[in-house]
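Structure first, then comments.
The values are calculated or read from the model by the stated rules, or taken from the named source; none is laboratory data. In this text the structure is predicted, and so the values were computed from the model without any measurement. Glycine gets a Cβ as well: all are built from the backbone with ideal geometry, and neighbour counts include every protein chain shown. We work out accessible area using only protein heavy atoms, side chains counted, and drop any ligands, DNA or RNA first. Shrake-Rupley method; radii C 1.70, N 1.55, O 1.52, S 1.80 Å.
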Amino acid sequence: MSDTDLAALQQEFTTALAAAKDAASAERVKSDWLGRTGKLRSLTEQLGKLPPDQKKARGKAINDLKLACEAAAEARLRELSASGPKAAPADVIDVTLPGARPRLGRRHPIYATMDEMRAIFAKLGFEAAYGPEIETAYYNFVSLNIPLDHPAAEPFDTWYLDDPDAATRPYRFLLRSHTSPVQMHVMEGRKPPIRVVVPGKVFRTDPADASHLPVFHQMEGLMVEENVTFADLKGVLSIAMKELFGAKTETRFRPSFFPFTEPSAEVDVSCLLCGGGGCPACKGSGWIEVLGCGMVHPRVLEYAKIDPEKYSGFAFGMGVERIAMLKLGVPDIRHFIRSHPLFLRQW
Ligand code: PHE
């Protein structure tokens, strides 16, 4: 066999390799040619029959061919394994792939704010208490010194659960319109000293707009002991507001009216944005209203069978959404219930 034949063999091998469409068939071509019983092996065997003067040159030519074929086979295999579809059968699960991770849930900003408020009052000695969301008109109004003909008791902002004419009980059922009825449940259930905060849902028939929702949250506070004065109320709330909004926060008490507290006040905090100088957020006043409060009305203590001659107390109530909007810079209360994933994932 001549050197030209060797060149033809190499060409044939190259063509067979190029025709191999995947690594397995390229391997097969390689072993058909270069394996122990491969085509090139027989060339070496024929070497023995050659005259000694030709043996050396022929041996080298065959060896070169082998090396060239080996290199070509390796190159083709690399090429196929880099580009080829790994072609894992469809029913095989690749356990080395990262799994589908479920997104972790997180606390809703309203509940996170409520937790923070509860923790602040816990440091001041207030424990958390809870009451029913379905109330009677007695707890929601009457025991809090709100006569049933008071405007707040009118069906127009209270969510009554029964028909007035069908009601046979002395008091109608309703969804509580504030957390204040829990004051009464707590006072009925234990003797002073009492220091509680009451976080919870409240319900009003208000249509939703940028600052109202028909279902929102309040946090009530109640302290009843001997010799509790308005100074205690001011002290507790001014410390709590500093904790909640930052150490520079100032507090202002404005006279107000609630049937269940006397005297009553509304509390403003110095504007978080301008610090009191006046800006659009506080409408130029430097103050932002955050809660209502006052000294527990003696008649409310009497309803709870606590002697108003011996004990006094204060109460306060604030809207959690309002506090959260101020702290987080949320301009519209409705964002909290839209559950837009990007909105809720900010915190
Ligand atoms: N319950 C009142 C409200 O819903 C707030 C309040 C609570 C005021 C306690 C004084 C004392 O507006």
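Just checking, how many residues over segment 291-302 are more than 11 Å from the ligand (Cβ to nearest atom) and either surrounded by 19 or more Cβ atoms within 10 Å (Cβ to Cβ) or in a strand (DSSP E or B) (or both)?
Initially, segment 291-302 is screened for residues more than 11 Å from the ligand (Cβ to nearest atom), giving 298-299, 301-302.
From what's left, either surrounded by 19 or more Cβ atoms within 10 Å (Cβ to Cβ) or in a strand (DSSP E or B) (or both): 301.
Result for segment 291-302: 1.
Residues in segment 249-281 that are out of contact with any Asp or Glu (no Cβ under 9 Å at 6 or more places or on another chain) and either under 29 Å from residue 150 (Cβ atoms) or hydrophobic (A, V, I, L, M, F, W, C) (or both): how many?
Residues in segment 249-281 being out of contact with any Asp or Glu (no Cβ under 9 Å at 6 or more places or on another chain) and either under 29 Å from residue 150 (Cβ atoms) or hydrophobic (A, V, I, L, M, F, W, C) (or both): 15 in total.
Check segment 67-75 and report whether any residue there is touching a residue at least 24 places away in the same chain (Cβ under 8 Å), assigned to a loop (DSSP other than H, G, I, E, B), crowded, with 16+ Cβ neighbours inside 10 Å and not hydroxyl-bearing (Ser, Thr, Tyr). Spell out the reasoning first.
Within segment 67-75, the subset touching a residue at least 24 places away in the same chain (Cβ under 8 Å) is 68-70, 72-73.
Keeping just the survivors that are assigned to a loop (DSSP other than H, G, I, E, B) gives none.
Within segment 67-75 (the criterion being touching a residue at least 24 places away in the same chain (Cβ under 8 Å), assigned to a loop (DSSP other than H, G, I, E, B), crowded, with 16+ Cβ neighbours inside 10 Å and not hydroxyl-bearing (Ser, Thr, Tyr)), the answer is no, since none of the residues qualifies.
Could you please give the count of residues in segment 158-194 that are crowded, with 21+ Cβ neighbours inside 10 Å and in a strand (DSSP E or B)?
Residues that pass the stated criteria total 2.
Is it true that residue 305 is assigned by TED's automatic domain parsing to the domain that holds residue 191, part of a helix (DSSP H, G or I) and open to solvent by 20 Å² or more (accessible area, probe 1.4 Å)? Walk me through it before giving the result.
Values: assigned by TED's automatic domain parsing to the domain that holds residue 191: yes; part of a helix (DSSP H, G or I): no; open to solvent by 20 Å² or more (accessible area, probe 1.4 Å): yes.
No: the conditions fail for residue 305.
Tell me, which residue of segment 320-341 that is in contact with a Ser or Thr (Cβ under 9 Å, 6 or more places away or on another chain) and either not in a helix (DSSP H, G or I) or not assigned by TED's automatic domain parsing to the domain that holds residue 269 (or both) is farthest from the ligand (Cβ to nearest atom)?
First pass over segment 320-341, keeping only residues in contact with a Ser or Thr (Cβ under 9 Å, 6 or more places away or on another chain): 320-325, 327-328, 332-333.
Remaining after also requiring either not in a helix (DSSP H, G or I) or not assigned by TED's automatic domain parsing to the domain that holds residue 269 (or both): 332-333.
On the way: 332: 21, 333: 16 Å.
Checked segment 320-341; the qualifying residue farthest from the ligand (Cβ to nearest atom) is 332.
Which condition number does residue 99 fail, the rest of (1) in contact (Cβ under 8 Å) with a residue 12 or more places away in the chain; (2) farther than 29 Å from residue 323 by Cβ being met?
(1)
Taking residue 269 as the residue in question, decide whether it is farther than 23 Å from residue 141 by Cα, touching a residue at least 24 places away in the same chain (Cβ under 8 Å) and assigned to a strand (DSSP E or B). Before you say what the answer is, go through the steps one by one.
Details: farther than 23 Å from residue 141 by Cα: yes; touching a residue at least 24 places away in the same chain (Cβ under 8 Å): yes; assigned to a strand (DSSP E or B): yes.
For residue 269, the condition - farther than 23 Å from residue 141 by Cα, touching a residue at least 24 places away in the same chain (Cβ under 8 Å) and assigned to a strand (DSSP E or B) - is met.
Would you tally the residues in segment 153-182 being within 16 Å of the ligand (Cβ to nearest atom) and more than 14 Å from residue 202 (Cα to Cα)?
Total meeting the criteria: 3.
Going through segment 305-346 one residue at a time, which ones are among the basic types (Lys, Arg), in contact with a Leu (Cβ under 8 Å, 6 or more places away or on another chain) and within 18 Å of residue 268 (Cβ to Cβ)? Walk me through how you get there before you give the answer.
Of all residues in segment 305-346, those among the basic types (Lys, Arg) come to 305, 310, 322, 327, 334, 338, 345.
Pick out the ones that are also in contact with a Leu (Cβ under 8 Å, 6 or more places away or on another chain) and you get 327, 334.
If the condition is that a residue be among the basic types (Lys, Arg), in contact with a Leu (Cβ under 8 Å, 6 or more places away or on another chain) and within 18 Å of residue 268 (Cβ to Cβ), then 327 is the only one that fits.
In segment 208-264, which residue that is polar (S, T, N, Q) and not in a strand (DSSP E or B) is surrounded by the most Cβ atoms within 10 Å (Cβ to Cβ)? Let's see the steps before the verdict.
Going through segment 208-264, the residues polar (S, T, N, Q) turn out to be 211, 218, 227, 229, 238, 249, 251, 256, 261, 264.
From what's left, not in a strand (DSSP E or B): 211, 227, 229, 238, 249.
On the way: 211: 14, 227: 8, 229: 11, 238: 17, 249: 19.
Checking each candidate, the answer is 249.
Being open to solvent by 10 Å² or more (accessible area, probe 1.4 Å) and within 16 Å of the ligand (Cβ to nearest atom) is the filter here; which residues of segment 309-319 pass it?
312, 317, 319
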